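K.L.:
I am attaching a structure below and will ask some questions about it afterwards.
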Amino acid sequence: MHTAEQKRVAVATYRRHKSYAKTLRLLGYPSRHVLFDWVRGSRPGRKKPIARSAYRSYSVTVKLEAVNRMLAGEPVVDVAAGLDVANHMLLYKWMHAWHLGGEEGLMTRSERKQREGYRTRAQPEASLPDDPVELRRLSARLLVGKAVLEKELDLVKKDAGVIPGQLTNTSKTIIIQSLRDRLALTMLLDSTGLRANSYQYARTALARPDRLAGLRASVHEIARSSGFTYGSPRVWMALKRAGIVVSEKVVRRVMKQERIPVHYAHRKWHYSSYEGESTPAPKDLVKRDFHAREPNRLWLTDVSEFAARNGKVYLSPIIDCHDGKAVSFTTGRCPDKRLTQSMLEQAIGTLPTQRTNPLIIHSDGGGHYRAAEWIETLNAAGVTRSMSRKGCSPDNATCEGFFGRMKTEMFHERTWNTMSELETAIHWYMDFILQPPHQDQPRWRHHT
């Protein structure tokens, strides 16, 4: 601090030389800004600066109460007086901050950090109670909460349908029953948030015998015999044929509870035989009406891909819409025109020599069905061509559905190591699965 005499000498030196820099070089004190304030304060008519009161901060609780009282319609001046706020203009600033960020907008930086949680080891230790009795109670509650959380995690691992933090009363009762022998019931109820009467009801319900035990065994048997390809609708139909009357919703729930898998397609890419408009496409004579009153009235054909580890196998069948059976089929390891042409010749060979009813063969717009040899063979046999639109699979929905069901029942969710193994399975399916089922019918088994 500088004395009054030093201030007087510094101001007189500045007035004599009219230079701040020279005054500082001659005297060696004070700083430029301090000398500027001394000179400005020594001028006649200059008012002395008003001494300001110390800065006062307000907690977020006070700010939030002020905002609520203002929203209730209380005058700003009365709110400031009631909360001992020196400047009532601060209340408008708080209101604006509350509109922008809510309660967090009223917090200071330190209050936000405190709200985020403990960042050092000393902070949680300082928040613990000093009373030993209260400290032991807190430790006991934490011990029970840890045990309940471990059981909850075990329950989530066993049942994928359990959501952590959203347990049903039955799940909470199962956890309490597993910890009942070593922890107090009242503390377990308090930790799980379950009422005593709800616990007693759920415990009584769990003690009752399972009325769906027989149904669970039947569902497991049907799913296993189908190779785990049946969903709940087909399992329900199988139960109905067996004389077991139950709702489909119950079957769906049982399959979900028992975690019975259902194999289905997970394809990312599919085979396409489209090669452009090499020849004019015939009209679509079927119009998505895949019904035939007699055999050899409406045939459908397409090519589908089956992938093994060492290559791919392609299946080309002709399906009769009268009974959904395959008239002929060929398999190959290359989707060329020989695959479809040999299939067509086999199918035409099954036709009677004297045929009066017209026959239509429907296909997609692939290049196999636009080839000259394909068209000539059909014209010679008196078969009318029909073709679906490009990229419109519903126009050939029955054939697409045949492939979908076939892959679900014998291809998907299985590992096919060789193409020969896959070809054997395809031939078995086409020879046996499409025939009426019999109890003594031989069954093919896939070995991974």
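K.L.:
Within segment 175-186, restricting attention to residues that are over 14 Å from Tyr201 (Cβ atoms) and among the hydrophobic types (A, V, I, L, M, F, W, C), which residue is nearest to the chain's Cα centre (by Cα)?
P.N.:
Ile175
K.L.:
If the requirement is being farther than 18 Å from Arg385 by Cα and not polar (S, T, N, Q), which of these qualifies: Cys334, Cys321?
P.N.:
Testing whether each residue is farther than 18 Å from Arg385 by Cα and not polar (S, T, N, Q) leaves just Cys334.
K.L.:
Pick from Arg224, Arg234: which is exposed (fewer than 15 other Cβ atoms within 10 Å of the Cβ) and either out of contact with any strand residue (DSSP E or B) (no Cβ under 9 Å at 6 or more places or on another chain) or closer than 29 Å to Met410 by Cβ (or both)?
P.N.:
Arg224
K.L.:
Here's another thing I want to ask about it. Taking segment 404-415 only, how many residues are surrounded by 18 or more Cβ atoms within 10 Å (Cβ to Cβ) and either polar (S, T, N, Q) or in contact with a His (Cβ under 8 Å, 6 or more places away or on another chain) (or both)?
P.N.:
Residues meeting the conditions: 2.
K.L.:
For residues in segment 365-408 being modelled with pLDDT of 85 or more and acidic (Asp, Glu), which is farthest from Pro352 (Cα to Cα)?
P.N.:
Residue satisfying both the conditions and the ranking: Glu400.
Residue-wise test of (1) in a strand (DSSP E or B); (2) in the same structural domain as Leu378 (by TED's automatic domain parsing); (3) modelled with pLDDT under 90.
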| site | (1), (2), (3) |
| --- | --- |
| Ala281 | no, no, yes |
| Leu285 | no, no, yes |
| Ala292 | no, no, yes |
| Ser316 | yes, yes, no |
| Ser328 | yes, yes, yes |
| Thr331 | yes, yes, no |
| Met343 | no, yes, no |
| Gln354 | no, yes, yes |
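K.L.:
Within segment 79-91, can one find any residue that is over 47 Å from the mean Cα position of the chain (by Cα), among the hydrophobic types (A, V, I, L, M, F, W, C), assigned to a loop (DSSP other than H, G, I, E, B) and at pLDDT 85 or above?
P.N.:
Looking for residues that are over 47 Å from the mean Cα position of the chain (by Cα), among the hydrophobic types (A, V, I, L, M, F, W, C), assigned to a loop (DSSP other than H, G, I, E, B) and at pLDDT 85 or above, one finds at least one in segment 79-91, hence yes.
K.L.:
Sticking with this structure for a sec: Only one of Arg25, Arg32, Arg52 is at pLDDT below 85, outside the structural domain of Met107 (by TED's automatic domain parsing) and under 24 Å from Lys93 (Cα atoms); which?
P.N.:
Values: Arg25 fails: under 24 Å from Lys93 (Cα atoms); Arg32 fails: under 24 Å from Lys93 (Cα atoms).
Criteria check complete, one pass: Arg52.
K.L.:
Kindly list the number of the only condition in (1) outside the structural domain of Leu189 (by TED's automatic domain parsing); (2) aliphatic (A, V, I, L, M); (3) surrounded by fewer than 12 Cβ atoms within 10 Å (Cβ to Cβ); (4) within 42 Å of the chain's Cα centre (by Cα) that fails for Leu142.
P.N.:
So the condition that Leu142 fails would be (1).
K.L.:
Then there's this: Please work out which one of (1) modelled with pLDDT of 90 or more; (2) under 26 Å from Ile260 (Cβ atoms) is the condition Gln200 fails and give its number.
P.N.:
Of (1) modelled with pLDDT of 90 or more; (2) under 26 Å from Ile260 (Cβ atoms), only one is false for Gln200: (2).
K.L.:
Of the conditions (1) within 27 Å of Tyr429 (Cα to Cα); (2) touching a residue at least 24 places away in the same chain (Cβ under 8 Å), Asn357 fails just one. Which one is it?
P.N.:
With respect to (1) within 27 Å of Tyr429 (Cα to Cα); (2) touching a residue at least 24 places away in the same chain (Cβ under 8 Å), Asn357 is out only on (1).
K.L.:
If we scan segment 88-111, do we find a residue that is surrounded by 12 or more Cβ atoms within 10 Å (Cβ to Cβ), in contact with a helix residue (DSSP H, G or I) (Cβ under 9 Å, 6 or more places away or on another chain) and within 30 Å of Gln257 (Cβ to Cβ)?
P.N.:
The answer is no; no qualifying residue exists.
Every residue, every condition in (1) in contact with a helix residue (DSSP H, G or I) (Cβ under 9 Å, 6 or more places away or on another chain); (2) loosely packed, with under 15 Cβ neighbours inside 10 Å; (3) on the phi < 0 side of the Ramachandran plot, yes or no:
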| residue | (1), (2), (3) |
| --- | --- |
| Val313 | yes, no, yes |
| Thr331 | yes, no, yes |
| Cys334 | no, yes, yes |
| Gln341 | yes, no, yes |
| Thr353 | no, yes, yes |
| Pro358 | no, yes, yes |
| Gly382 | no, yes, no |
| Gly391 | no, yes, no |
| Thr398 | no, no, yes |
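The values are calculated or read from the model by the stated rules, or taken from the named source; none is laboratory data. This is a predicted model, so every value here is computed, not measured. For neighbour counting, all protein chains shown are included, and Cβ atoms are generated from backbone atoms with ideal geometry for every residue, glycine included.
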